[in-house]
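Written out below as structure tokens is the structure these notes cover.
The values are calculated or read from the model by the stated rules, or taken from the named source; none is laboratory data. Predicted model only: the values in this text are computed from it and were never measured. Please note: Cβ atoms are built from the backbone with ideal geometry, for glycine as well, and neighbour counts cover all protein chains shown. Only protein heavy atoms, including side chains, enter the accessible area calculation; ligands, DNA and RNA are left aside. Shrake-Rupley method; radii C 1.70, N 1.55, O 1.52, S 1.80 Å.
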Amino acid sequence: MAEDNVTVLMEFILLGFSDLPNLQGFLFGIFLVIYLSILIGNGLLIVITKINPALHTPMYFFLQNFSFLEICYTSVTFPRMLADLWSQKRTISFVACAVQTCFLYILGVTECLLLGVMAYDRYVAICKPLYYPLIMNHKLCVQLVVASWVIGVPVLIEETYQIFSLNFCGPNLINHIFCDSPPLFKLACGDTYNVEVSVHVAALIFIITPFLSIIASYGKIITTVLKLPSTSRRSKAFSTCSSHLMVVCLFYGSGSIVYLRPKSSQSATSGKVLALFYTTVTPVFNPLIYSLRNKDVIATLGKLLPQFHRS
């Protein structure tokens, strides 16, 4: 029986938005525009922070990595979604599904950890300004970024292995836009309780811990800023961390809508739309938030665009 199950489920079918057959071309166009805007926006932000010496600071070093992360994160799902909409094939191999799930989890955890690191950077800049160059030296910045990228990898590979070690003997139709544990658990035979608990515990550790560190950092930031004597200094201090705070609110706010909404209100279609919203809202708005709120970024972009036009 086990061999039969493995043979039958050598591949899955991602249903995606197949329930909207008349909108496949329209959806392809919309998703292509969104994906290109993410690539261009975050790519430009990386280039701008590289070429402008005024932006060679720890905050923008972290932002470079965050923008690169956003490009990687959306590239795990969007190219396959676009290919499925274009070809109507929708099949994904067992191994490819496992790889997609693993990378989604690794990059999602890295995003949480990088947001926590960026909050710590703002805390040091505002609460310990005299020690900022000493504390946030290049070596520490590199170590924090590397730790954010790799710290969750072993655990998340193990979690992915547990998920795909389950027996999948039912239909191979994944009613979602990408491979993820909730729709996969629905296809598994037997008891999945232990694996589900393990996945949820890992998610809580890697999501809640950075979130609590962000809350703690901003709690100290707010306390410090309110003690400043002048309104202009308070305004300037808050403006230095407002962009990061907006990105945090977008990321955790959209995530809460997806994962904390009541199960009674969940439907397959709404789940797909919200999952798409969650995986695109931060990558789309991240470059806009940091560009529109920073004069150096705008000035560099203004110099860069005419060069592209002339070339």
State the label only: which of [x] 5, 23, 31, 22, 12, 5, 1, 0; [y] 5, 19, 23, 23, 19, 8, 2, 0; [z] 5, 22, 28, 27, 15, 3, 0 corresponds to P(r) over Cα pairs in 10 Å bins from 0, in percent computed from the shown model?
-> [x]
In debye, nearest 20, what is the charge dipole magnitude of the chain about its Cα centre with +1 on Lys and Arg Cβ and -1 on Asp and Glu Cβ, if you could check?
-> 1740 debye
List the lysines whose alpha-carbon lies under 18 Å from that of Lys295, not counting same-chain residues fewer than 8 positions away?
-> Lys50, Lys236, Lys303
Debye sum, Cα scatterers, segment 113-267, no solvent: what log₁₀ I/I(0) at q = 0.09, 0.11, 0.13 1/Å?
-> -0.44, -0.61, -0.77
Can you tell me the relative contact order of segment 106-236? Whole percent, Cα pairs under 8 Å, sequence separation 6 or more.
-> 39 percent
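Can you give the helix-only mean residue ellipticity at 222 nm for the chain, where every DSSP H stretch with n ≥ 4 adds -39500 (n - 2.57) and the sum goes over all residues, rounded to the nearest 500 deg cm²/dmol? Working shown, then result.
Details: 12 runs with 239 residues, N = 311.
Computed ellipticity for the chain at 222 nm equals -26500 deg cm²/dmol.
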Anchor Lys186: lysines whose Cα lies under 19 Å away (excluding residues fewer than 8 positions away in-chain) = Lys263, Lys272
Any idea of the accessible area per residue across the chain, 1.4 Å probe, to the nearest Å²?
-> 52 Å²
So how do 52-61, 218-227, 20-29 stack up, highest first, on mean other-Cβ count within 10 Å?
-> 52-61, 218-227, 20-29
At q = 0.25 Å⁻¹, what is the log10 ratio I(q)/I(0) for segment 52-139, with the Debye formula run over Cα points and no solvent?
-> -1.22
Going by a 4.7 Å Cβ-Cβ cut-off, which cysteines of the chain have no partner at all?
-> Cys72, Cys102, Cys112, Cys127, Cys141, Cys241, Cys249
So the angle from the long Cα axis of helix 268-292 to the longest Cα principal axis of the chain, reported in degrees to the nearest 10, equals 20 degrees
Given all pairs of distinct Cα atoms, segment 1-118 yields a Kirkwood Rh in Å of 16.7 Å
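Using a 1.4 angstrom probe on heavy atoms only, work out the carbon and sulfur share of the accessible area of segment 130-183 in %.
Details: 2050 of 2890 Å².
Exposed carbon and sulfur together represent 71 percent of the surface.
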Compute the relative contact order of the chain as a whole-number percentage, counting only Cα pairs closer than 8 Å that sit 6 or more residues apart in sequence.
-> 27 percent
State, as an integer percentage, the relative contact order of segment 1-139 based on alpha-carbon contacts under 8 Å between residues 6 or more apart.
-> 32 percent
